[in-house]
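Inspection log for the structure reproduced underneath, given as structure tokens.
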Amino acid sequence: MLPRRRTTGHLFLRMWCGLVFAFLLAPIAILFLTSFTASETLAFPPAQYSVRWYAKVLQHLKDAPGLKPGLTGVFLLSLRIGLIAAAGTTVAGVLAAYAMHRYRFRGMAILRQYFLLPLMFPQIVTGIALLVWFNHLTALGPFVRLILGHMILTLPYVVVTVGASLEATGTDLEEAAIGLGASRLRAFLLVTLPLIRQGVIAGAIFAFIISFNAFTITYFLYSGDALPLPIWIFEYMAYFLDPTLAAISSCLILLTLLAMFALDRLVGIGRLVTR
Amino acid sequence: MGDTAEAVRLDGITKRFDQVIAVNDVTLEVQRGEFVCLLGPSGCGKTTTLRIVAGFVEADAGRLLINGKDVSDRPPNKRDIGMVYQSYALFPHLTVFDNVAFGLRMRRLSGAEITERVGRALDLVRLRGKEERKPGQLSGGQQQRVALARALVIHPTVLLLDEPLSNLDAKLRKQMQLELKALQRAIGITTVHVTHDQEEALTLADRAVILNEGRIEQIGPPRDLYAHPRNVFVADFLGRANFLTGRVTAVDLTQGMATFTTERKEVLTVKGVESGLIVGSAADAFIRPERIVMRLRGGPPVENLLPAEVVQVIFTGSLVTVELQTEAGSRLFVDRASGGPEEAFAAGEKIDVILPAPALRLLDGRQPL
């Protein structure tokens, strides 16, 4: 490490960093402040402050019969899709990444790229493709369609994070376990899996977040019976462009922060990022 | 345990990677309790050979017998081997105890027996008291000893060591070599050790196997290989050596003597030659640097005396190396224990060099470059 020096250049660097952080945080801060406006529009800065739009959010929590589903149900649906898709994607992604790490076979480079395709394709293309494809699979309900679509979307993230963890772990350790008498399965479960745990968890978290936030692909797959949160917000915006949106968004930000805090307590996000 | 004498037998083992032959028709028997070093430059196939014995690489041809049983088709976890890696390959998420206990747990031994055997293994490598440490909290030398304990605790038929000391610093490596040798002798375990460090092989091995481009060049006790290398590769790889290129100009097999003339027309007598030497054939005369005699000018005439000039004297600690050039132009290196009169030689000083006939050996001519 070089010694830190207090120079003019150093000062400018600090100011520059401060500006970048401010620029990144500003939209969120503005949204948060706007949610407390007393007026009917999304104007910033608010002339007067109130919590009336949060009261409106509370009203939307329950289903409005015949009109549209309530926020509670919509939120829980998104949560369920996200958790199931993340779980499915994590299992599939770990298996795929492991196979590509452990075995050298012809066409592997192509396969590796193939797994990343959903990341490269515009989501709208994947969305249209899935819409056409699922029209032939009429047996699948909208809930299953959404989960399958989100699994396709999130698989690359798990393959990449788990692949990186496997790369860092190498093959010596698993080999050593087998040399000591472990079967391949036990060597994987007792040695490799604990060592790539952080990559697996990181991949699963990514998968959940991507699924929870996914709008484009979801737009092609949802139905009135299965309407996830991003679609609900979008539809609401199409009819009413009022500060309720700002209030909902602020609630989501708060929930995200709480979830991150809880996760950090549980598994240590700091360690996830550094490894 | 089988009744056969040898613990491990490789029979015509061959392995190709794409177009490259990594191991070429290797046949080798390792006796029970023997310490065998596979020695050679990088890429000579020594590690591949070891991994074939372990079962992590499948041979294209040949048979592998452990304890007299053909295990060529058995997976590594059914081969009864203990392996130590260059990287140690300790499980970083497990404690020292759990690392050492791993192989015993795979064999489903009782908890009490595991505790007892792990304790004994840790005693053996002097790591009692470190049971609850994680590998990351140990020094390189300690990690190496944990890896050794982990391999030994399962009482394998054969211990396989893949350059286990090469990550240690020079001083610790020396110390560990001696410890490893003492440990191996004490428990009498059959050991196959891979190294590129010829000094390590000389120190440790009962027999060394010199490999080059996938082939065995020579097998034998280190002393034999050092004194009687079969060819230039072995002579050059094992220890330091002086080579003089030339031709065989006369052979007297009744006396076991030959006359050798260097390309610079220096005539040397060689003793103890074997049959098959052809007059006129190209050859290399070879002599170890410690076997060359130096003396001041003006002594009585003797066999194989070459007038020479000191080029430089290099002090390397316990050894002093004197670089010489004969008047005909051949380069020679002479090693002496430091502290002797040779240290006083000055560059340019004219002396006499004697290559004693019994210390000279003739090897097949080097391949023309």
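Quick notes on this structure:
Quick grid of which residues meet (1) over 32 Å from the mean Cα position of the chain (by Cα); (2) aliphatic (A, V, I, L, M); (3) more than 23 Å from B:ALA347 (Cβ to Cβ):
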{"residue": "B:GLY246", "(1), (2), (3)": "no, no, yes"}
{"residue": "B:VAL270", "(1), (2), (3)": "no, yes, yes"}
{"residue": "B:PRO300", "(1), (2), (3)": "yes, no, yes"}
{"residue": "B:VAL313", "(1), (2), (3)": "no, yes, no"}
{"residue": "B:THR326", "(1), (2), (3)": "no, no, no"}
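- Breaking point among (1) over 22 Å from the mean Cα position of the chain (by Cα); (2) of a type outside the set (Lys, Arg); (3) modelled with pLDDT under 90, for A:PRO194: (3)
- Exactly one residue among A:LEU258, A:LEU195 is among the hydrophobic types (A, V, I, L, M, F, W, C) and touching a helix residue (DSSP H, G or I) at 6+ places or on another chain (Cβ under 9 Å), and that residue is A:LEU195.
- Residue that is farthest from the other protein chains (Cβ to nearest Cβ) [pool: residues in segment A:162-173 that are in contact (Cβ under 8 Å) with a residue 60 or more places away in the chain and either within 16 Å of the chain's Cα centre (by Cα) or open to solvent by less than 30 Å² (accessible area, probe 1.4 Å) (or both)]: A:GLY163
- Scope segment B:320-337; condition surrounded by fewer than 14 Cβ atoms within 10 Å (Cβ to Cβ) and more than 23 Å from B:GLU263 (Cβ to Cβ); matching residues: B:ALA337
- Looking across B:GLY129, B:GLY103, B:GLY119, B:GLY111, one residue alone is open to solvent by less than 10 Å² (accessible area, probe 1.4 Å), over 30 Å from B:ASN24 (Cβ atoms) and over 32 Å from the mean Cα position of the chain (by Cα). It is B:GLY119.
- Residue check, B:ALA61 surrounded by fewer than 19 Cβ atoms within 10 Å (Cβ to Cβ) and either among the charged types (D, E, K, R) or farther than 17 Å from B:THR190 by Cβ (or both): yes
- Figure legend. Inter-residue proximity from segment A:44-67: first residues more than 26 Å from A:PRO27 (Cβ to Cβ) and among the hydrophobic types (A, V, I, L, M, F, W, C), second residues surrounded by 11 or more Cβ atoms within 10 Å (Cβ to Cβ) and at pLDDT 85 or above, beta-carbon distance below 7 Å, spacing 6+ or different chains. Indicated pairs: A:ALA64/A:GLY70.
- In segment A:86-114, of all residues being touching a helix residue (DSSP H, G or I) at 6+ places or on another chain (Cβ under 7 Å) and open to solvent by 40 Å² or more (accessible area, probe 1.4 Å), the one that is farthest from A:TYR157 (Cα to Cα) corresponds to A:LEU111.
- Scanning segment A:20-52 for residues that are under 27 Å from the mean Cα position of the chain (by Cα), assigned to a helix (DSSP H, G or I) and not β-branched (Val, Ile, Thr) turns up A:PHE21, A:ALA22, A:PHE23, A:LEU24, A:LEU25, A:ALA26, A:PRO27, A:ALA29, A:LEU31, A:PHE32, A:LEU33.
- Considering residues of segment B:10-35 that are in contact (Cβ under 8 Å) with a residue 40 or more places away in the chain and acidic (Asp, Glu) only, the residue surrounded by the most Cβ atoms within 10 Å (Cβ to Cβ): B:GLU34
- Among the residues making up segment A:176-191, a single one is more than 10 Å from every other protein chain (Cβ to nearest Cβ) and open to solvent by less than 40 Å² (accessible area, probe 1.4 Å): A:PHE188.
- Within segment B:43-52, restricting attention to residues that are within 28 Å of A:LEU195 (Cβ to Cβ) and open to solvent by 40 Å² or more (accessible area, probe 1.4 Å), the residue that is nearest to the other protein chains (Cβ to nearest Cβ) is B:ARG51.
- Qualifying residue in segment B:294-301 (condition: open to solvent by less than 80 Å² (accessible area, probe 1.4 Å), out of contact with any Cys (no Cβ under 9 Å at 6 or more places or on another chain), outside any strand (DSSP E or B) and under 18 Å from B:GLY246 (Cβ atoms)): no
- Which numbered condition A:PRO194 misses (of (1) assigned to a helix (DSSP H, G or I); (2) open to solvent by less than 10 Å² (accessible area, probe 1.4 Å); (3) within 12 Å of chain B (Cβ to nearest Cβ)): (2)
- If you go through segment B:53-70 and pick out every residue that is more than 12 Å from chain A (Cβ to nearest Cβ) and more than 11 Å from B:PRO156 (Cβ to Cβ), you end up with 11.
- Whichever residue in segment B:254-277 is of a type in the set (A, V, I, L, M) and in a loop (DSSP other than H, G, I, E, B) and, among such residues, is least open to solvent (accessible area, probe 1.4 Å): B:VAL273
- Any hit, segment A:226-235, residues being assigned to a helix (DSSP H, G or I), open to solvent by less than 40 Å² (accessible area, probe 1.4 Å), in contact with a strand residue (DSSP E or B) (Cβ under 9 Å, 6 or more places away or on another chain) and more than 14 Å from every other protein chain (Cβ to nearest Cβ): yes
- Failed criterion for A:ILE152 (all others in (1) open to solvent by 20 Å² or more (accessible area, probe 1.4 Å); (2) among the β-branched types (Val, Ile, Thr); (3) more than 14 Å from chain B (Cβ to nearest Cβ); (4) over 14 Å from the mean Cα position of the chain (by Cα) hold): (4)
- The set of residues from segment B:302-319 being loosely packed, with under 14 Cβ neighbours inside 10 Å and in contact (Cβ under 8 Å) with a residue 24 or more places away in the chain comprises B:VAL302, B:GLU303, B:PRO307, B:GLN312, B:PHE315.
- No other residue among B:ALA346, B:ALA337, B:ALA308 is of a type outside the set (Asp, Glu) and under 18 Å from B:THR245 (Cβ atoms) apart from B:ALA308.
- Candidate set from segment B:71-97 (those that are more than 10 Å from chain A (Cβ to nearest Cβ) and modelled with pLDDT of 95 or more); member that is surrounded by the most Cβ atoms within 10 Å (Cβ to Cβ): B:VAL96
- Hits in segment B:211-242 (condition: open to solvent by 40 Å² or more (accessible area, probe 1.4 Å) and within 16 Å of B:HIS193 (Cα to Cα)): B:ILE216, B:ILE219, B:PRO221
- Hits in segment B:80-99 (condition: without any contact (Cβ under 8 Å) to a residue 60 or more places away in the chain and closer than 24 Å to B:GLY45 by Cβ): B:ALA89
- Out of B:GLY45, B:GLY68, sole residue that is within 23 Å of B:PRO221 (Cα to Cα), touching a residue at least 12 places away in the same chain (Cβ under 8 Å) and of a type in the set (Gly, Ala, Ser): B:GLY45
The values are calculated or read from the model by the stated rules, or taken from the named source; none is laboratory data. Owing to the predicted nature of the structure, the values given are computational and were not obtained by experimental measurement. With ideal geometry, Cβ positions are generated from the backbone for all residues, glycine too; neighbour counts draw on all protein chains shown. Just the protein is used for accessible areas: all its heavy atoms, side chains included, with ligands, DNA and RNA removed. Shrake-Rupley method; radii C 1.70, N 1.55, O 1.52, S 1.80 Å.
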